[in-house]
1. Could you sort Tyr127, Tyr6 by their accessible area in this structure, using a 1.4 Å probe and putting the largest first?
2. Might you tell me the accessible area per residue for the chain, computed with a 1.4 Å probe and given in Å²?
3. Tell me which residues come under 5 Å, amide H to amide H, from Glu128 once H is placed; ignore anything under 5 positions away on its chain.
4. So what is the relative contact order for the chain, in percent, with contacts set as C-alpha pairs under 8 Å and at least six apart?
5. Between Lys52, Lys32, Lys63, find the one with the highest GNM mean-square fluctuation for the chain; connect C-alpha pairs within less than 10 Å.
6. Using a probe of 1.4 angstrom, how much of the accessible area of region 1-141 is carbon and sulfur, in percent?
7. Could you check the simple spin-label distance between Asp5 and Thr104, using points 7 Å along Cα→Cβ, in nm with one decimal?
8. How many lysine pairs in the chain, separated by 8 or more positions in sequence or lying on different chains, have Cα atoms less than 27 Å apart?
Amino acid sequence: MTAPDYTSELLRMGREARAAARKLAMLQAPHKNRCLEAMATALLERQGELLKANKQDMENGRKKGLNSALLDRLKLSPERITDMAQGLRTLVGLENPVGKIDATWIRPNGMKIQKVRVPIGVIAIIYEARPNVTADAAGLCLKAGNAVFLRGGSEAVHSNHAIAEAMLEGVRSVDLPEAIIQLLPW
């Protein structure tokens, strides 16, 4: 049996992420902060859906024989969801890194040179079965002006999907392109 060819799908997703990243790179801090706040609110409002999705992942993990340490990392609780939302809200209070001047110097010919922080564009993050990383990684990338591809562990597929959907609700509420946060389903 041959593996499916995901090339065209990944290329489409990449084009969308790149276009979204261009918009995000130009976004002012207050708009990014409104988005982060909206994502945090959506996580809390959709807590029941997140816990239901996580319950399915936990049941599947037990059936697969995951050890207790892995199951603990996988488990969501109301407290952990609150912590994810608080993590996003903490980002709101941080200084906008985009456009920050890290160094300035003058060359002997009088030319002024500055080292300025700019977004990378599109970032891909692969991580294990810790659903909270979905929110943490997406929030950090947004704050830094980057679109993100996320690929969490297969043990947390339902939880990651529910978290990403909640966060995308926040993205849509402030009129940003959904392609700034994309889960890789494979």
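The values are calculated or read from the model by the stated rules, or taken from the named source; none is laboratory data. Remember, predicted model here, so these are calculated numbers, not experimental data. Cβ atoms come from the backbone with ideal geometry, glycine included; neighbour counts cover every protein chain shown. Heavy atoms of the whole protein, side chains included, go into the accessibility calculation; ligands, DNA and RNA do not. Shrake-Rupley method; radii C 1.70, N 1.55, O 1.52, S 1.80 Å.
1. Solvent-accessible surface, decreasing: Tyr6, Tyr127.
2. Here the residues of the chain average 56 Å² of exposed surface.
3. Under 5 Å from the amide H of Glu128 lie the amide H atoms of Gly153, each far enough along the sequence or on another chain.
4. So the answer I get is 32 percent.
5. Comparing Lys52, Lys32, Lys63 in the GNM, the peak value goes to Lys63.
6. Working: 4980 of 8910 Å².
About 56 percent, which is the carbon plus sulfur part of the accessible surface.
7. 5.4
8. 20
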